[in-house]
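Each remark here refers to the structure printed beneath this line.
The values are calculated or read from the model by the stated rules, or taken from the named source; none is laboratory data. The structure presented is a predicted model; accordingly, all values stated were derived computationally and were not measured. Every residue, glycine as well, gets a Cβ built from its backbone with ideal geometry; the counts of neighbours run over all protein chains shown.
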Amino acid sequence: MLQLSAAGKRFGPKLLFEDANWLITPDERTGLVGGNGTGKSTLLKVLAGLETLDYGQLTRVKGTTLGYLPQDGLALRGKTVFAECLSVFDPIFALEREAEEITHILSTADPKSREYHAAADRYSDIADQLHVHDIYTLDSQVGAVLGGLGFSKEDWERKTEEFSGGWQMRIALAKLLLQKPSLLLLDEPTNHLDLESRNWLENYLHDYPNAYILISHDRYFLDVTVNKTIEIWNKRMHTYHGNYEKYLVQKEERRTQLMSAYKNQRDRIDALEAFINRFRYQATKAKQVQSRIKELEKIERIEVPEDESTIHFSIPQPPASGRTVIEVSNLYKDYPMPDGGIKHVLEDVSFQIDRGDRIALVGANGAGKSTLIRMLSDLEPPTSGDIRLGHNVLADYFAQDQYKVLDPAAKMLEDIAGIAPKVPVVELRSLLGCFMFSGDDVFKPLGVLSGGERNRYAMAKMLVSPANMLLLDEPTNHLDLRAKDVLLEAIANFTGTVLFVSHDRYFIDGLATRVFEVEDRHVHVYPGNYEDYLYRKSGGPDKTTASITTSLKPTPPSNSSQNTVILSEAKDSRISFEAPQPPAAPIKRLNPIKLKQLEDRVLAIDHELTTIDSRIATAEASLGHYTSAEDSQRTAADLDDLRTQRAILLTEWEEVATALEEQSTAV
């Protein structure tokens, strides 16, 4: 449908990607990944026709329809939610009205006239199109999509401008899904969805009849929705077949091969430079030296770029609390309504949280998760009931919009130092650096930061206070995949107690020891992680280990940005003991025939070395372009054989060349 050919794009002076080639097929189900600032969203805009390429070209097959969902920024007004979504079918309704007009023509025109036959043909075409689009089920299609994305029937008749930005994006997503374009381009479609809506969207995309390309920082969502992963890394597009989990495995294999090719190239460069430096000023080797200088100039250096900076931190281990951290008894929460009524949010809620628990608080948007967590943090009083903190419990709360409570005029470093006067400034700057605030960023007023940047700062600020009970409302917002992995490991290693709200399935599965579900104004407690919770929700019997669940400890992400030690070829470690050598005998001149044989052998070795060097360069280049593990292993073995042959020939060449030099200088 679409094809990128030798495509490149710049953002000001920065090159985002170049030499990108991508044939997008009708069955495309691709996840677009890469670090922040690598150009993922820009590439999606290029495919959508919203931005142009700086290099190369984009070709689109005639008749291809595109649907693009940005991360945010859409605002709809003037219609109800249902009418706004139904408006995507306006062309179908126009055909229906045209069919009614043609029916009138057919009832009045002469059946033998040209007008009658033209109208009949057009009516037949319209009838086929209406049948394909199943016009009599359009209302039910809209209802199914709105329900799947979390809109209640009461919401359907509300004006779109009454909804917040996140719900506006849900409406925009609903319209795209109803349109069913040839190619869906979704930039962070799960950003504004709760877990139930994400699960519904996963199933919808699984059955989607056309192609889609999506960007997401939800690892589980990528794992279950895509069968191909394209990464923008090192200013190039790299294709991996499989979901995100398989991409991680293949990427590590590819990086290993790249490092191997880099090492081999460095060895070759070092050998060439050593030869040039050794024989540069010997006239008899001028030809060989020049040959190697030319070879050195032609080598295209393999670069091993550092991975983008990620958040690395450890939550300070707090003083221990009592065994019981929070005890909730008969909790009720009501809100007065504008019409004088009462909205019941929570009813007769009772539970206990113990030291070391890591509890995931789940439920549909509006069920009362944020309300409950605010009451536990003593920021909002309950209508009735008791919330009792245990012995020596120090609670700290992180809100979805934590940045709103920050002083916009305060400078970052001064603000964080104010709540941690005993922590050295050097350590505070290191902590801020972990959250991607480096250099002069730490002296900026908080008001000039974006909402996401301020939320990252708010989390860094929270970490310098020694709380042993963390109440986290969407802590993974504004974090990319790598940062989520680091945060996941840090909380998993935290010795205190954690209750968190998250819509990230992978984050919950890797962290939670219990799941609290807020549903129908009650809290239901499930042991285990989110997978265990779904198992029991679906009616599965309790497992024998239901009461004691060991959380999965995440594997620390590899720190590929560490310095790499390049090893030179191993030398023979054996020590030989030789008898004292007698004084060197006078050099005897060789006869002309033997001298000619040595000269011919030098020329022959030069030719063989040139051939082997060319084959080595080809093999190294092949290693730099990963295809499969088997091909890479075979190429690496061939490369080792070639390098061994080259070492033997080089030794022989030096021996023969030395003999010739001695003969030329002998008296």
Note on the range 75-133: residues assigned to a helix (DSSP H, G or I) and acidic (Asp, Glu) are 84, 90, 96, 98, 100, 101, 115, 121, 125, 128
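Hey, any hits in the range 31-44 for a residue that's charged (D, E, K, R) and touching a helix residue (DSSP H, G or I) at 6+ places or on another chain (Cβ under 9 Å)?
Taking the range 31-44 first, the residues charged (D, E, K, R) are 40.
Next cut, touching a helix residue (DSSP H, G or I) at 6+ places or on another chain (Cβ under 9 Å) only: none.
Within the range 31-44, not a single residue is charged (D, E, K, R) and touching a helix residue (DSSP H, G or I) at 6+ places or on another chain (Cβ under 9 Å).
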Those residues that are basic (Lys, Arg) and under 18 Å from residue 71 (Cα atoms), I need them from the range 201-242; list them, please. 219
Only residues that are free of Cβ contacts under 8 Å to residues at least 24 places away in the same chain and either touching a helix residue (DSSP H, G or I) at 6+ places or on another chain (Cβ under 7 Å) or closer than 12 Å to residue 95 by Cβ (or both): list them for the range 125-139, please. 125, 128, 131, 132
Only one of (1) among the hydrophobic types (A, V, I, L, M, F, W, C); (2) at pLDDT below 90; (3) over 20 Å from residue 490 (Cα atoms) is not met by residue 389, so which one is it? (2)
Looking at residue 12, is it crowded, with 19+ Cβ neighbours inside 10 Å, at pLDDT below 90 and either in the same structural domain as residue 185 (by TED's automatic domain parsing) or aromatic (Phe, Trp, Tyr) (or both)? no
Looking at the structure I just gave you, is residue 461 over 24 Å from residue 509 (Cβ atoms), modelled with pLDDT of 80 or more and of a type in the set (Lys, Arg)? yes
Select the strands (runs of 3 or more DSSP E) contained entirely in the range 351-400, then report the ones holding at least 2 residues which are under 23 Å from residue 321 (Cα atoms) and charged (D, E, K, R). 384-389
Being at pLDDT 85 or above, in contact with an Asp or Glu (Cβ under 8 Å, 6 or more places away or on another chain) and not in a loop (DSSP other than H, G, I, E, B) is true for just one of 432, 471. Which residue is that? 471
Hits in the range 148-186 - residues which are closer than 17 Å to residue 78 by Cα and of a type in the set (Lys, Arg): 158, 159, 170, 175
Which numbered condition trips up residue 488, out of (1) in contact with a Gly (Cβ under 7 Å, 6 or more places away or on another chain); (2) part of a helix (DSSP H, G or I); (3) exposed (fewer than 14 other Cβ atoms within 10 Å of the Cβ)? (3)
Can you confirm whether the range 105-119 contains a residue that is of a type in the set (Val, Ile, Thr) and at pLDDT below 90? yes
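Can you confirm whether the range 328-335 contains a residue that is over 14 Å from the mean Cα position of the chain (by Cα) and basic (Lys, Arg)? Talk me through it step by step, then tell me what you get.
First, the residues of the range 328-335 that are over 14 Å from the mean Cα position of the chain (by Cα): 328-335.
Now narrow it down to the ones that are basic (Lys, Arg): 333.
Yes, that holds for at least one residue.
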